[in-house]
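Written out below as structure tokens is the structure these notes cover.
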Amino acid sequence: MNNAPVALVTGAGQGIGRGIALRLAREGHVVVINDIAADPANTTQGAYEVKKTVEAAGGRAEVFKADIASADQRLAMIDFIDRQFGRLDLLVNNAGVAPKQRVDILQAGEESFDRLISINLKGPYFLTQLAANRMIAWKQASRIATPRIVFITSISAYTSSPARGEYCVSKAGLSMAVQLYADRLGEYGIPVIEIRPGIIETPMTSVVKDKYDKLIAEGLLVNRRWGRPEDVAGVVSAFARGDLDYSTGQSIEVSGGFNVRRL
């Protein structure tokens, strides 16, 4: 039976998820790297690149390919963790997608809305339900001491972008999921927090690099630079250590001061 803490990071093949997985592995977690795309023959990018990087540094990582929008695949992933480790100390709900095209809310159709709600909201909502029930059982069996759950949302949870309304709605819904699970899991001593990244330099944001380069240069942020995955990973690390347990239900923004109102 594995004695090291186990972390599941969804969408860990690139970007913020990759940064979180590498940080947790460096600090002693066995990391389960989830991604919808995972090719064991490709170790130069994606999930198996992350696994290779973790192992090269002396850590342990497993890859589980799954679409979190699929109920069957969510269950298969949690069952895999149960069989392999018999514990899950940290769930990081990070996986998410942006619209394939930005379309004004007055013209946008339902297909993109359904896709984003399914992946960004329904997937982590029900994955957390599965994980939380196992965590309760494992804690009651004294396999784990204090399991924790974190949702990676976005400043889009409260910031209007009418050309990608479905993304904003999905992240706002996820923010409420944090409140619900923090409330429900309080009696079991399972802390739940939200981390809201701002403008983070990842493959997802590369398509709008010029736009945000200009806005940042013009003073959009207090810290006049792009955020990095490592900035988000630092907060996840503090949460994993137990430093933020009394802040259950809280939202921590990692946005370079985007939320600061200035005159």
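Read-outs: derived from the displayed coordinates by stated rules, not from any lab. Since this is a predicted model, take the numbers as computed values, not measurements. Cβ: placed from backbone, ideal geometry, glycine included. Neighbour counts: every protein chain shown.
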Estimated 222 nm signal from helices in the chain, with DSSP H stretches of n ≥ 4 weighted -39500 (n - 2.57), rounded to 500: -12500 deg cm²/dmol
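Just list whichever of K65/K171; K65/K100; K139/K171; K52/K214; K100/K171; K52/K211 have alpha carbons separated by over 26 Å in the model shown.
Values: K65/K171 23 Å; K65/K100 22 Å; K139/K171 29 Å; K52/K214 36 Å; K100/K171 16 Å; K52/K211 34 Å.
Going by Cα-Cα distance, K139/K171; K52/K214; K52/K211 fall outside the 26 Å limit.
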Distance between modelled label sites at R60 and Y246, nm, 7 Å Cα→Cβ extension: 3.4 nm
DSSP-defined beta bridges in the chain - what % are antiparallel, rounded to 5: 0 percent
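Classify the stretch 11-152 as rounded, prolate or oblate, taking a ≥ b ≥ c as the square roots of the eigenvalues of its Cα gyration tensor: rounded when a/c is under 1.5, otherwise prolate if a/b is larger than b/c and oblate if not. Intermediate results must be reported in sequence, preceding the final value.
Values: a/c = 2.18, a/b = 1.34, b/c = 1.62.
Verdict is oblate for the stretch 11-152.
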Inter-centroid distance (Cα atoms) of the stretch 149-225 relative to the stretch 11-71, Å: 21 Å
Residue of S118, S251, S206 that the Gaussian network model of the chain assigns the largest fluctuation, springs spanning Cα pairs under 10 Å: S206
Point-to-point label distance, Q101-R224, nm (Cα→Cβ direction, 7 Å offset): 3.7 nm
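Kindly identify the stretch 1-89 as rounded, prolate or oblate by the Cα gyration tensor criterion: order the square roots of the eigenvalues as a ≥ b ≥ c, call it rounded if a/c is under 1.5, otherwise compare a/b with b/c, prolate if a/b is larger, else oblate. If you can, show how the numbers build up before the last one.
On the way: a/c = 1.71, a/b = 1.06, b/c = 1.62.
Judged from the Cα gyration tensor, the stretch 1-89 comes out oblate (a/c at least 1.5, b/c at or above a/b).
Could you tell me whether the stretch 40-100 comes out rounded, prolate or oblate from its Cα gyration tensor? Rule is a ≥ b ≥ c as square roots of the eigenvalues, rounded for a/c under 1.5, then prolate if a/b exceeds b/c, otherwise oblate. Numbers along the way, then the final one.
Working: a/c = 1.85, a/b = 1.11, b/c = 1.67.
Note, shape of the stretch 40-100 comes out oblate.
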Most mobile listed residue (D79, D35, D89) in the chain, GNM with C-alpha springs under 10 Å: D79
Those trypsin sites (Lys or Arg not before Pro) in the stretch 1-84 that DSSP places in a loop and that have at most 16 other beta carbons within 10 Å: R60
Size of charge dipole - the stretch 26-104 - debye, nearest 20, with Cβ of Lys, Arg +1 and Asp, Glu -1, no other charges: 120 debye
Gaussian network model of the chain, Cα within-10 Å springs - most flexible of Q73, Q84, Q107: Q107
Projected label distance in nm at D210 and D79, using a 7 Å step from Cα toward the beta-carbon: 4.9 nm
Nearest 10 degrees, 0 to 90: helix 15-26 Cα axis against the chain principal axis: 30 degrees
Dipole of the chain, positive end: most advanced residue of V222, T128, A141 [Cβ charges, Cα centre]: V222
C-alpha long axis of helix 165-185 to longest principal axis of the chain, angle in °: 40 degrees
Using alpha-carbon coordinates, inclination of helix 71-85 to the longest axis of the chain, degrees: 40 degrees
Calculated P(r) tail over 30 Å for the chain, as whole % of Cα pairs: 24 percent
